[in-house]
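Quick notes on the structure that follows.
Since every read-out is calculated from the coordinates, none of them should be taken as a lab result. Predicted model, so just to flag it, every value in this text is computed and none were measured. Note: ideal-geometry Cβ built from the backbone for every residue, glycine included; neighbour counts use all protein chains shown.
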Amino acid sequence: MVMKGYDPHTNGGQYLEDLATAYWLSDALFTALEMDLFKIIDDFGIQGATLHELSQALDTNENALSRYLELLISLGLVGHYQNVYYNQLITKEYLLKESPLYQGDSILWRKNLTDDWATLKQSLKAGGRVNFLPDDISEDELNQRRAKYIKAMDNVAKLKANDCTTFFSELSGDILDVGTGSGAMALAFLQAFPDTSATLLDIEQMLPHTQKLINQTPYTNRVEYHPGNILEPEWDLTKKFKLIILSNIVHAYAEAENELVLKTAAKYLADDGVILIHDFFNEHDPVKAHLSDVNMFLNTYNGKVFSGAWVINELKKNHLSVSSLIPLETDTAVIFAAKSAAILDTGLIKPN
């Protein structure tokens, strides 16, 4: 397993073995989620569940399940005391559906990507993506895929959104969430700053799925939906915004598209407003950044992960003052831009 801070030169052979068996870890996690193992353990309550009880509930061979549970124990996902099994804190926080930070949809979406990664050799020869959806896929199937995708991205966004709000000491006015997806990023700001409202911009096929998620929150009366293609040079918005969010947008496109998106975003920025770019960047967590870059190569038209330096330079071309790249505690980072350096230094953004 590749970990931050691990030096492959200290034990090169072991490093290579860990790389080669990394999928063992993911398959172990995928299987637990697909079997609802953590939920079933939780259903037994605080007393936990015996091996026999779990084997009956999961319809598995008792000896085989025992060996699998030992693996989950060693991974820190399941605990064992005397003759009962229980969920660990990380499992309760991220792998039970009722948890606000549930990540199961995101994790299982990653399993869907294994078909794309299986085409890596062919894609390297072809110079681009080779695994496409069938031409005869129905709109109903596409909608099901969109629903799964948006739930997966909602899981991920919730992990990062609150980190982004902490950079702001105060905020009021209109927010624009560009390519909003689930709306989770905008929702975090609506929750943190009561004097804000949000416009959610995305393609018309995606927004109905967004609205279903927003309708489950107390913020529906502070949200407007604006269908549009962000790759068009005009977004047909009638106002300027105090905060414009581009979260995980840059890596979805190549240079020309991003130049246009950043230019259009700058046009809709209020004089006292801030653009927030949240994404993977090559300078921060390079292994994850480059994995994400190849993932874009395999399953998008021309998405790629950029350096923070490239994004900063493009923002400056639009006559904006720009912060440095600011790493989050996770695998992503943020960049801020405004029409005035004073806004970044002493205005909305807390000193870094």
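Taken about its Cα centre, segment 156-346 carries a charge dipole of about 140 debye when Lys and Arg each add +1 at the Cβ and Asp and Glu each add -1 at the Cβ.
Semi-axes of the equivalent ellipsoid of segment 256-352 are 25, 17, 9 Å, computed as sqrt(5λ) over the eigenvalues of the C-alpha gyration tensor in descending order. Residues considered: K267, K151, K242. Largest GNM mean-square fluctuation over the chain, using C-alpha springs under 10 Å, is found at K267. Cross-link pairs exceeding 27 Å in C-alpha to C-alpha distance, out of K97/K121; K148/K317; K158/K288; K151/K239, comprise K97/K121; K148/K317; K151/K239.
From the helices alone, meaning DSSP H stretches of at least four residues, give me the mean residue ellipticity at 222 nm for the chain, per-run term -39500 (n - 2.57), in deg cm²/dmol to the nearest 500.
-13500 deg cm²/dmol
If a/c stays under 1.5 just call it rounded; otherwise compare a/b with b/c (prolate if a/b is bigger, oblate if not). Do that for segment 67-116, with a ≥ b ≥ c from the square roots of the Cα gyration tensor eigenvalues. Here segment 67-116 falls in the oblate category. Each residue of segment 292-299 was assigned a 3J(HN,Hα) from its phi angle through the Karplus curve 6.51 cos²θ - 1.76 cosθ + 1.60 (θ = phi - 60°); the sequence is 5, 5, 5, 4, 5, 4, 7, 9 Hz, with glycine and proline shown as x. For the chain, what class follows from the C-alpha gyration tensor (a ≥ b ≥ c being the square roots of its eigenvalues): rounded when a/c is under 1.5, otherwise prolate if a/b is larger than b/c, else oblate? Prolate, since a/c reaches 1.5 and a/b exceeds b/c.
Descending by average beta-carbon neighbour count within 10 Å, the peptides 94-101, 137-144, 209-216 line up as 209-216, 94-101, 137-144, the highest first. Rounded to the nearest 20 debye, the dipole magnitude of the chain is 600 debye, with +1 charges on Lys and Arg beta carbons, -1 on Asp and Glu beta carbons, and the Cα centre as origin. Sorted ascending by nearby beta carbons within 10 Å, beginning with the fewest, V305, V250, V130 become V130, V305, V250. The share of alpha-carbon pairs in segment 156-346 lying farther apart than 24 Å comes to 34%. Along the Cα-to-Cβ line of E98, 7 Å from the Cα, sits a label point; which residues in segment 11-46 have backbone N less than 18 Å from it? Answer for this model: 36-46. The alpha carbon centroids of segment 1-77 and segment 158-201 are separated by 35 Å. Just checking the listed ones, N299, N61, N229: in the Gaussian network model of the chain with Cα springs under 10 Å, the one fluctuating most is N61. Highest mean packing comes first when the peptides 67-77, 33-43 are listed by Cβ atoms within 10 Å, giving 33-43, 67-77. Roughly how many whole Å is it from the C-alpha centroid of segment 88-103 to that of segment 274-341? Computed from Cα coordinates, the inter-centre distance equals 29 Å.
In a reduced charge model with +1 at each Lys and Arg Cβ and -1 at each Asp and Glu Cβ, segment 133-192 shows a dipole moment near 300 debye about its Cα centre.
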